[in-house]
Ligand code: TGC
Ligand code: FAD
């Protein structure tokens, strides 16, 4: 994408993004000034830089690499991590609101940011050595580096404990072999946080850098979802990784699953953003579009759709707000996070479909965002734990019985 194309799209798009968030229960009253500041700053950035180009990127299956630096500058990479390590020094509500605003634009953009903040910076911050934190976190926070997170394998998606990627110790380095699949950011990533089995068969995290011999990141083509985000494989063919690149402070599957708690939390807010965007588009269209001599918003059937959308959005906002406070207090449980991720993605998918119907035929075009959100949400309902897996996590929490295997 050339600068000229970007400028042209911006000129064509001027004044078109009229988004304002629905706030039926005055939830803004529960936010502090810092929360509102980051939300408004990210919203303004989205309107200025992302809304004008997103439809082009999705249509052309193009990852706008130039936005990585912009996202860093806008404070979207690890806002909940300490300032000293390249984060934003804010709390989990601020993090959630930033993800809400990004996914209001597009799930793929939020994906880029949540992988960087929760799945690359967070594990280095939480489980890394002081040297690793100093070496990588400031560059990741600013967007100088892009990172990715390799857990899923071709034969091990919902069940990562079966992973076969492994490493052997050879003096001052380890030798890594195996492959990861469906990895967001992989084709453009400078570093990958990779989860692999050590010689004892226990899961450990390693930081693999682009350029290490035997490491490649082929792109995944043919996606009808998250088309503005880049996805690929991570292939390790006898890759020599220095011992100092192993994350020293965690062993076992709880390492990657702890990172997923943070990312899944962010997705709860993100999906809410996508739902809000669809609802707002439908609300506006219902007042502008006339049939049978009056606005379609004057018909009971369309009012029912809008009223039900607003109800679900309001419930999801309350879930996010309460969960954010539990995250801030360090009290949120994985099952509480599963409930929020599962519910909010589901309501967003439903709202996208209903909003699309309110737009009639126009709803299937790129003039409006619903089809793009709808297709994106098919990935969101699958990654970071499928809809079914989150149900089973909840089921186990309720009954104490494991229904996974
Ligand atoms: P299980 O035996 O239950 O647990 C193994 C160890 O992990 C601990 N644990 C957790 N720790 C922290 N947070 C959690 N949420 C945890 N869940 C479990 C557990 O206590 C145990 O610790 P320890 O000390 O006893 O060893 O593990 P399991 O093998 O039975 O698996 C459980 C299951 C199925 C819930 C888990 O594997 C799972 O969540 N599967 C879904 C896989 C998944 O979500 N993959 C996501 C890949 S990354 C991704 O999709 C990024 S997309 C990003 C984007 O673009 O936005
Ligand atoms: P499977 O695990 O094969 O599941 C297939 C179906 O079986 C699902 O409906 C599932 O719910 C169901 N199922 C599985 N087990 C059970 C069970 N015990 N009981 C009942 N039903 C079950 N991974 C990463 O590591 N890093 C990334 O950055 C990343 N980004 C992604 C980006 C995209 C666009 C996509 C689509 C995926 C990404 N993933 C990533 C992978 C994602 O996490 C996996 O796709 C997801 O965990 C599901 O794994 P799977 O696709 O292998 O499906």
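Mind listing whichever residues of region 8-30 are within 20 Å of residue 106 (Cβ to Cβ) and either in a helix (DSSP H, G or I) or within 26 Å of the chain's Cα centre (by Cα) (or both)? Reasoning before the result, please.
Taking region 8-30 first, the residues within 20 Å of residue 106 (Cβ to Cβ) are 8-10, 12-22.
8, 9, 10, 12, 13, 16, 17, 18, 19, 20, 21, 22, listed by residue number.
Quick check on my filter: what residues within region 247-286 are within 14 Å of ligand 2 (Cβ to nearest atom) and within 13 Å of residue 100 (Cβ to Cβ)?
Hits for region 247-286 are 266, 267, 270.
Taking the criterion of being in a strand (DSSP E or B), surrounded by fewer than 16 Cβ atoms within 10 Å (Cβ to Cβ) and away from ligand 2 (no atom under 11 Å from the Cβ), would at least one residue in region 188-199 satisfy it?
Applying the first criterion (in a strand (DSSP E or B)) to region 188-199 yields 191-197.
This time we only want the ones that are surrounded by fewer than 16 Cβ atoms within 10 Å (Cβ to Cβ), so: none.
No, region 188-199 has no match at all.
Considering (1) more than 27 Å from residue 388 (Cα to Cα); (2) within 14 Å of ligand 1 (Cβ to nearest atom), say which one residue 102 fails and leave the rest.
Here residue 102 meets the rest and fails (1).
What single numbered condition from (1) over 20 Å from residue 123 (Cβ atoms); (2) surrounded by 21 or more Cβ atoms within 10 Å (Cβ to Cβ); (3) more than 13 Å from ligand 1 (Cβ to nearest atom) fails to hold for residue 216?
(2)
Looking at region 128-140, which of its residues are over 21 Å from the mean Cα position of the chain (by Cα) and more than 16 Å from residue 88 (Cβ to Cβ)? It would help to see each step written out before you state the result.
Going residue by residue through region 128-140, those that are over 21 Å from the mean Cα position of the chain (by Cα) are 128-135.
Correct list: 128, 129, 130, 131, 132, 134, 135.
Here is a check on your reading of the model: is residue 282 assigned to a helix (DSSP H, G or I), more than 16 Å from ligand 1 (Cβ to nearest atom) and surrounded by 21 or more Cβ atoms within 10 Å (Cβ to Cβ)? Break it down into steps so the answer makes sense when it comes.
Details: assigned to a helix (DSSP H, G or I): yes; more than 16 Å from ligand 1 (Cβ to nearest atom): yes; surrounded by 21 or more Cβ atoms within 10 Å (Cβ to Cβ): yes.
The answer is yes for residue 282.
Can you say whether residue 224 is under 24 Å from residue 255 (Cα atoms) and touching a residue at least 40 places away in the same chain (Cβ under 8 Å), as far as the supplied structure shows?
Details: under 24 Å from residue 255 (Cα atoms): no; touching a residue at least 40 places away in the same chain (Cβ under 8 Å): yes.
No.
Taking the stated definitions as given, is residue 251 touching a residue at least 24 places away in the same chain (Cβ under 8 Å) and either in a strand (DSSP E or B) or buried (at least 21 other Cβ atoms within 10 Å of the Cβ) (or both)? Even if it seems obvious, please write down each step before you answer.
Details: touching a residue at least 24 places away in the same chain (Cβ under 8 Å): yes; either in a strand (DSSP E or B) or buried (at least 21 other Cβ atoms within 10 Å of the Cβ) (or both): no.
No: the conditions fail for residue 251.
Only residues that are out of contact with any helix residue (DSSP H, G or I) (no Cβ under 7 Å at 6 or more places or on another chain) and either surrounded by 19 or more Cβ atoms within 10 Å (Cβ to Cβ) or in contact (Cβ under 8 Å) with a residue 60 or more places away in the chain (or both): list them for region 171-180, please. Spell out the reasoning first.
Pass one, region 171-180, residues out of contact with any helix residue (DSSP H, G or I) (no Cβ under 7 Å at 6 or more places or on another chain): 171, 175-180.
Correct list: 175, 176, 177, 178, 180.
Being modelled with pLDDT of 95 or more and within 20 Å of residue 289 (Cβ to Cβ) is the requirement here; does residue 348 meet it?
So residue 348 does not fit the description; no.
For region 122-145, give me each residue that is within 15 Å of ligand 1 (Cβ to nearest atom) and either surrounded by fewer than 19 Cβ atoms within 10 Å (Cβ to Cβ) or not assigned by TED's automatic domain parsing to the domain that holds residue 110 (or both).
In the first step, residues of region 122-145 are kept if they are within 15 Å of ligand 1 (Cβ to nearest atom); the result is 122-123, 126-127.
Listed by number, the list holds a single entry, 126.
The values are calculated or read from the model by the stated rules, or taken from the named source; none is laboratory data. For clarity, every value in this text was computed on a predicted model and none was experimentally measured. We place every Cβ from the backbone using ideal geometry, glycine too, and count neighbours over all the protein chains shown.
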